[in-house]
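Before any comments, here is the structure.
The values are calculated or read from the model by the stated rules, or taken from the named source; none is laboratory data. Computed from a predicted model, the values in this text were never measured in an experiment. Using ideal geometry, Cβ is built from the backbone for each residue, glycine included, and neighbour counts are taken over all protein chains shown. Side chains are part of the model used for accessible areas, which takes the heavy atoms of the whole protein and leaves out ligands, DNA and RNA. Shrake-Rupley method; radii C 1.70, N 1.55, O 1.52, S 1.80 Å.
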Amino acid sequence: PPFFFKPTTPYALLRSLVGSEMCIRDRSYLVGRVVEVNYRTSRVLLLSDLNSNVPVTIAPQNIQAIMIGAGKDYGQIKYIKDGIFKKFDENSIVYTSGTGAIFKSGIPIGKLRQKENNLDVEFFSDFSQLKYVFAEVEVEMEIQNTTEEIANHLFNKLISQYRSSFLNINFTLY
């Protein structure tokens, strides 16, 4: 008998791919994270939810803070040093900071808006209009070849398939 987990049902496959704390995006913008996986669905905690707390970086000032959901169509910046309000302008953008390893660093969330003594985040995504979202699946694997060997192999394979046509090839290797 095998001693490793082998998904045999769609639910088991879903549980193995879509895990708790997984990042959920609308296009390239963060909208929330998975908090529960059920038989046919997953429950996502949106950034606007009152229970949502996300460590963020406010750029270009590079200031660290925590964004909490306001229960409406915006978030609020909390837990920030006093006296920093004057450093922000209308071009400030809020990104995930990567602190706490909840989300990757640098995922765009929204624009910063100053209202009286509050800092609000106007989300890039309209949560009331979400129909399809992307779950970021991370897969770890061991690669035997070096990056250069993989790039050369892919390049040679493409060239051999399309010798007669002009190619504009850009490789991005991670």
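Only residues that are open to solvent by less than 70 Å² (accessible area, probe 1.4 Å) and in a strand (DSSP E or B) were counted in the stretch 96-112, giving 5. Residues in the stretch 113-122 that are part of a loop (DSSP other than H, G, I, E, B) and either of a type outside the set (D, E, K, R) or within 15 Å of Ser92 (Cβ to Cβ) (or both): 1 in all. If you go through the stretch 123-136 and keep only what is open to solvent by 90 Å² or more (accessible area, probe 1.4 Å) and assigned to a strand (DSSP E or B), you end up with just Phe134. In the stretch 23-37, is there at least one residue being open to solvent by 20 Å² or more (accessible area, probe 1.4 Å), over 15 Å from Leu130 (Cβ atoms), in a loop (DSSP other than H, G, I, E, B) and out of contact with any Gly (no Cβ under 6 Å at 6 or more places or on another chain)? No; the residues of the stretch 23-37 include none that is open to solvent by 20 Å² or more (accessible area, probe 1.4 Å), over 15 Å from Leu130 (Cβ atoms), in a loop (DSSP other than H, G, I, E, B) and out of contact with any Gly (no Cβ under 6 Å at 6 or more places or on another chain). Residues that are open to solvent by 70 Å² or more (accessible area, probe 1.4 Å) and either in contact with a Lys or Arg (Cβ under 9 Å, 6 or more places away or on another chain) or at pLDDT 95 or above (or both) within the stretch 71-94 comprise Glu90, Asn91, listed in sequence order. Flag: Ile68 matches the condition of being in a strand (DSSP E or B), in contact with a Lys or Arg (Cβ under 7 Å, 6 or more places away or on another chain) and buried (at least 18 other Cβ atoms within 10 Å of the Cβ).
In the stretch 40-60, the count of residues that are open to solvent by 60 Å² or more (accessible area, probe 1.4 Å), touching a residue at least 40 places away in the same chain (Cβ under 8 Å) and touching a strand residue (DSSP E or B) at 6+ places or on another chain (Cβ under 8 Å) is zero.
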